[in-house]
1. Mind checking the dipole of the stretch 100-193: about its Cα centre, +1 per Lys or Arg Cβ, -1 per Asp or Glu Cβ, Debye to the nearest 20?
2. To the nearest 0.05, what FRET efficiency results for Val449 and Asp362 with a Förster distance of 30 Å applied to their C-beta separation?
3. Given that compact globular proteins tend to follow 2.2 N^0.38 Å, what is the ratio of the alpha-carbon Rg of the stretch 384-464 to that value?
4. Which residues in the stretch 392-416 place their backbone N less than 15 Å from a point set 7 Å from the Cα of Glu51 along the Cα-to-Cβ direction?
5. Over the stretch 338-400, calculate the relative contact order: mean separation of alpha carbon pairs under 8 Å at least 6 apart, over the residue count, as a percent.
6. Does the stretch 290-381 come out rounded, prolate or oblate by the C-alpha gyration tensor, with a ≥ b ≥ c the root eigenvalues, rounded set by a/c under 1.5 and, if not, prolate when a/b is larger than b/c and oblate if not?
7. Starting from the stretch 88-177, pick out the trypsin sites (Lys or Arg not before Pro) whose DSSP state is loop and whose Cβ has at most 10 other Cβ atoms within 10 Å.
8. List every residue whose amide H lies under 5 Å from the amide H of Gly332, counting only residues 5 or more places away in sequence or on a different chain, with H placed 1.01 Å from N in the peptide plane.
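No value in this document is a laboratory result; all are computed from the given coordinates. Just so it is clear, the model here is predicted, and its values are computed rather than measured. Glycine also receives a Cβ, built like all others from the backbone with ideal geometry; neighbour counts cover every protein chain displayed.
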Amino acid sequence: MSGNSELFPCGRISRRNFLFQAGGGFLGTALGGLWAQEGEIKDAILGPHFEPKAKSVIFLFMCGGVSHIDTFDPKGNDHAGKLIDAVGFGDNQASMRRPVIPCLRSFTRYGKSGIPVSDWFPHVGGVIDDIAVVRSMWCHESNHFPAVIETCTGHRGRAFDHPTFGSWISYALGSVNRNLPTFVNIGRPSSPVQLTGGYLGASVAATPFQAGEIPIPNLHPPKGSSSAERERQAQVLHEMNQEFRQRYAVNSDIQARAKAYKLAASMQLSAPEAVDFSREPDHVKELYGIDRPETAEFGKQLLLARRLAERGVRFIQICNSGGGNGGWDAHGDMKTHEPLCRATDKPIAGLIRDLKLRGMLDETMVVWTSEFGRTPWSQNTTGRDHNPKGYSCWLAGGGIKGGIVHGATDEVGYKAVESPHYYSDLHATILRQLGIDHTKMEIPSLGTVSRLVENGGPIKEIIS
């Protein structure tokens, strides 16, 4: 027996490499998404399955749980002070009785539709005729981290490392602009799960962007390096990667890193131009509130989102007030919502107006949501607890009906009672407008079939 046979009794393959190669069958479909645009697998992109109404999605995620009762689902104060059946906070789901706390907001009916909107969102109220408000969302999880996982992946827990929603879209549709990512995240998320490609592979994970002169840290090459030198380095790296990929094909992180460097080379020219606001007229900047300290940061993020959508980025996720439990987590006092609403209201309305003026709203969907809502009661304070049983989201553009309200919570805003919609229904709605049949969004993974939407379907009542 030769030395090689002693080292590799199954032939010239080590046991580790044998397991890598054998495992390739489980994740082959996921890896196909990484290589499709290189021409190696022609049919890896799943869609579109029919003519899309939307080309891009700007997904506004308010981290921490926005109170629907104080924003888009007015209930009045007829029940204020009355004891109602309630549950404990977070993991403590023990039954109890709690008094309903009053809502201190005033609501105004806006537009031709006359939809009531809180005084915390007067600018959004001004564009309500372009918005479909869904007041009957629900999910299972009542703590922030698991609820974020559920809402961004469509699944509870991470037993199979499910990809986030934007990664599914990136995988299904591929890139429009090869010099920019398909899935971009702006702002600090509540959880890294909001950025992950999961079993679809790291190459479809979110690329972090930021408004300003440097959209991505370390994007620019070192000073003094010539383009010819970088081209020679890229060619050598490409040759090395080819051999390396054959040996470790199942390791999507390695392939994703190689693809990321290739994309970074293209973004060195495209990304700085995308974040350059110098040619934007002052009236556009004012529309987003960039001229005001309280709205400047979020306004810049939304203007960047519009510019990325113009350049073919398919899914732009904007996480507002993320980190920890999220800034919208209002247990102590509902007044903590006020500065967050003030910071986001004018930029959001400005985005919708700007898209409409440019003729982009028909093909760009704007979605506003959170991981759950907030309860009618509190923990003996003037704040509200977590409420996954009933809350609001809204959508605009991309073939969505404007100026309508769909679904309802009960008389105190606790449970969704009319046309309840699980988060998968929101996912399926967005997919449909992008031309994707949600029932075909599945891949073999880890010996089973994994799907984005297990149950449910599009919210047909809000689709034009």
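1. Computed charge dipole of the stretch 100-193: roughly 60 debye.
2. 0.30
3. Rounded to two decimals, the normalised Rg is 1.27.
4. 399
5. So the answer I get is 34 percent.
6. prolate
7. Lys112
8. Residues meeting the criterion, in which the H sits 1.01 Å from N, do not exist here.
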